[in-house]
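Below you'll find the structure, written out as structure tokens, and then a few comments.
The values are calculated or read from the model by the stated rules, or taken from the named source; none is laboratory data. None of the values given here were measured: they were computed from a predicted structure. All Cβ positions, even for glycine, are placed from backbone atoms using ideal geometry, and neighbour counts span all protein chains on display.
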Amino acid sequence: MPKLIKGAEIVNDERWKAPQPDAETVSEGVICTLAQWQALDDKAGSAVQLEPGDDVHSLLPHLQEIELIAVNFPVFTDGRGFSYARELRENGYQGELRAVGAFIRDQLHYLSRVGFDAFQLEDESQLEAAIKSLEDFSVHYQASISHPLPLFRRRS
Amino acid sequence: MYVYDDYDQRIVDQRVTQFRDQTRRYLDGQLTEEQFLPLRLQNGLYVQRLAPMMRIAVPYGLLNSAQLRKLAHITRHYDKGYAHVTTRQNFQLNWPQLEEVPDILEELANVQMHAIQTSGNCIRNTTSDEFAGVARDEIEDPRPYCEIIRQWSTFHPEFAFLPRKFKIAVCGSLEDRATIHSHDIGVELVPNEEGVIGFKVLAGGGLGRTPMIASVITEWIEKRHLLTYLEAILRVYNLHGRRDNKFKARIKILVKAMGVEAFREAVEKEWLTLKDGPSTLPEDAIEQAKSFFTDPAYETIDGSSAEAALAAQAERDPIFGNWLKRNTVEHRIPGYQAVTLSLKRTGDAPGDVSDRQLELIADLADKYSFGQARTTHQQNMVLADVRQQDLYALWQELQAAGLATANIGYLTDIIACPGGDYCSLANAKSLPVAEAIQARFDDLDYIYDLGPLELNISGCMNACGHHHIGQIGILGVDKKGEEFYQVSLGGNQYKDASLGKILGPSFKQDDMPEVIEKILSTYVDLRTEEESFLDTYKRVGITPFKERVYAKAD
Ligand code: SF4
């Protein structure tokens, strides 16, 4: 059962299991790959994991039905997931947006600002310390999902 | 200039705390080398041939005297007593200790400075015209927009892990002194047909291994759309820029691969979701940014009598007159002039400035130029607001400090990267080549006769020394483990920007002054009375130069 940071706490994820890309049918409680998800007839309550290079746009018509979108960071320096998150939130996605993979705690603050609200770090022993990184900065210049008003609008 | 409020201060202070903790975790072994790498890079720290090297941001090249004194202190206390002005208008330290970098950042934060995003695959320091606000050909002062971009790009959460580094330059004048055509994004203040000033936005320029001139993405957008438009470009790049090959990862490659039309379409599509969103600039935000760049307390001076007095001084002291002609430019306010301090004295590495010189420049800025100074992408410094009646006294002080070499814009005002003496990526040294050329052409009358000429040197393909846009460009190359130099001609950094063409096979270091001599004598022989080096080159092409340089000795 993977551990996550959610709402600045460590929780056990009892609901979802990691994707099984080779499975022909997706069992209940398993996160779909994008291809598996696209093949679902009923997308209500579904969960899907995006990989770098996946096209976010196919999710957009179904954002109200999806329960979980996980975004994988196979290497922490690949920043595409940051744009996926923001695009999903900008288009009205309200469900759980979870970062998974090799991202590091020093990215948590940025990840939360672009709209992630759950973080599944590879190294679970880091979770406790990582929570602190969510609060690395208390002021931000630009508009983001977590703080939609840019500083220039609050100043003037 | 821009002054921090509590928000800005909190941001840089929290950055220091964050990086102190990251450095501690790295030294404790909690962060791997690979994980620490982008974190330290985004704080300006990279590990080089001899020591870590640290880049300190000078947003669009503007500094006050307190900041200059702090830099002098930092170079003396944490380094070897000198700093280097880079082609992004930043300062670079060559010998800091990794363990001390958090302390250096804290010292910088105390004077409203930082090293944020001066390296790494993120949005770098925005650069601009060193004569912004004082140039006579200015359409509008670009600095408020540079500051708006600085704030927007600082810790932008979406764009901190881009495929590659990303550089933005802003220009607000008729002549482009910010080389916007060789930037990932170039922004130009221009009027539309109704005369309303907005922005023209270019993308996909760059030097490096595959040099390209930027393409126009939009001819004109309203000012309020600046940030949302930049975000749309950045997002297209972040999503689609190549990440599989470091050498193909810059936005120029993406623009080329997609074609400008398709790239523009993708940007416009992305823009639809961002346009008029929260990042749209309200009028008062622009006014607020502008309020930091109002005129200093200029005196009302009778321009013509000040000019006459200056001309008389120049006549009496021709050495002063010469400096006046070469190293100062006219100012939009009568009775004032902008002065370039040459960091290109023969024997000093181009762009190097010592702790004492920094302190002197701080004093001179206080005495003569409203307490401010600037760095230039040609690796010099500027005092932008000097009364004409003070120029003689200023010149004497500069001369005593080795800052008055009267070569600004001429052959020996060489742009050079740190090269093989410092940089671990280098194929060859750049500094000894610069010095050998400066030493060979030490006759000022000869270099003036050659007219304005830009000679740029890079130690490798990364082109930090901007060799492609030098009228004469020199590139260090590796030939079976030996250092060689390739020469190109005809580069041009201004509005009709062009890239240099390679002359032919490369040369040994010792031969370089001779090669340059031959190129110059070809020009002198072929030019018509009014022609600059570039004019002649454009008219006659590369062949005559080639023939002369590669001619077999009889
Ligand atoms: S051009 Fe090459 S050698 Fe010169 S500073 Fe840049 S990376 Fe180093």
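In the set (1) closer than 30 Å to B:G470 by Cβ; (2) within 14 Å of chain A (Cβ to nearest Cβ), B:T210 fails one condition alone, (2). Of the helices (runs of 4 or more DSSP H) lying entirely inside the range A:80-156, the ones with 1 or more residues being in contact with a His (Cβ under 9 Å, 6 or more places away or on another chain) and of a type outside the set (A, V, I, L, M, F, W, C) are found at A:80-90, A:108-113, A:127-133. In the condition set (1) buried (at least 18 other Cβ atoms within 10 Å of the Cβ); (2) in contact with a Ser or Thr (Cβ under 7 Å, 6 or more places away or on another chain), B:Q288 is compliant with all but (1). Within the range B:426-452, the set of residues being within 16 Å of the ligand (Cβ to nearest atom) and part of a loop (DSSP other than H, G, I, E, B) comprises B:A426, B:N427, B:A428, B:K429, B:S430. Go through the range B:215-237 and report how many residues are under 25 Å from B:D496 (Cβ atoms) and in contact with a Ser or Thr (Cβ under 6 Å, 6 or more places away or on another chain). Matching residues across the range B:215-237 total 0. For the range B:292-307, the count of residues that are in a helix (DSSP H, G or I) and within 14 Å of chain A (Cβ to nearest Cβ) is nonzero. Within the range A:127-145, restricting attention to residues that are surrounded by fewer than 16 Cβ atoms within 10 Å (Cβ to Cβ) and among the small types (G, A, S), the residue that is nearest to the other protein chains (Cβ to nearest Cβ) is A:S138. Please go through the range A:147-156 and give me each residue that is at the interface with another protein chain (Cβ under 9 Å from one of its Cβ atoms) and surrounded by 15 or more Cβ atoms within 10 Å (Cβ to Cβ), ordered by number. Passing the criteria: A:P150, A:L151, A:F152, A:R153.
Per-residue answers, yes or no, for (1) hydroxyl-bearing (S, T, Y); (2) farther than 27 Å from B:S215 by Cβ; (3) outside the structural domain of B:R250 (by TED's automatic domain parsing); (4) modelled with pLDDT under 95:
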{"residue": "B:A439", "(1), (2), (3), (4)": "no, yes, yes, yes"}
{"residue": "B:L450", "(1), (2), (3), (4)": "no, yes, yes, yes"}
{"residue": "B:L453", "(1), (2), (3), (4)": "no, yes, yes, yes"}
{"residue": "B:I474", "(1), (2), (3), (4)": "no, yes, yes, no"}
{"residue": "B:L489", "(1), (2), (3), (4)": "no, no, yes, no"}
{"residue": "B:P513", "(1), (2), (3), (4)": "no, yes, yes, no"}
{"residue": "B:T528", "(1), (2), (3), (4)": "yes, yes, yes, yes"}
{"residue": "B:E531", "(1), (2), (3), (4)": "no, yes, yes, yes"}
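No other residue among B:I253, B:I213, B:I221 is at negative phi and either touching a Phe, Trp or Tyr at 6+ places or on another chain (Cβ under 7 Å) or outside the structural domain of B:I148 (by TED's automatic domain parsing) (or both) apart from B:I221.
Conditions (1) more than 15 Å from B:C122 (Cβ to Cβ); (2) within 11 Å of another protein chain (Cβ to nearest Cβ); (3) exposed (fewer than 15 other Cβ atoms within 10 Å of the Cβ), marked per residue:
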site: B:F19; (1), (2), (3): no, yes, no
site: B:L27; (1), (2), (3): yes, no, yes
site: B:E34; (1), (2), (3): yes, yes, yes
site: B:L39; (1), (2), (3): no, yes, no
site: B:G44; (1), (2), (3): no, no, no
site: B:P52; (1), (2), (3): yes, no, no
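Determine whether B:F155 is within 14 Å of chain A (Cβ to nearest Cβ), of a type outside the set (G, A, S) and out of contact with any Pro (no Cβ under 8 Å at 6 or more places or on another chain). For B:F155, the condition - within 14 Å of chain A (Cβ to nearest Cβ), of a type outside the set (G, A, S) and out of contact with any Pro (no Cβ under 8 Å at 6 or more places or on another chain) - is met.
Among residues of the range B:440-464 that are closer than 14 Å to B:G491 by Cβ, those with a beta-carbon under 7 Å from a residue that is among the hydroxyl-bearing types (S, T, Y) at least six positions away or on a different chain give the pairs B:P452/B:Y410; B:P452/B:S532; B:L453/B:Y410; B:I457/B:S430; B:S458/B:S430. Taking residues in the range B:259-273 that are over 16 Å from B:G204 (Cα atoms), and partners anywhere that are among the basic types (K, R) and in a helix (DSSP H, G or I), the pairs with Cβ atoms closer than 9 Å and at least 6 places apart or on different chains are B:E270/B:R235.
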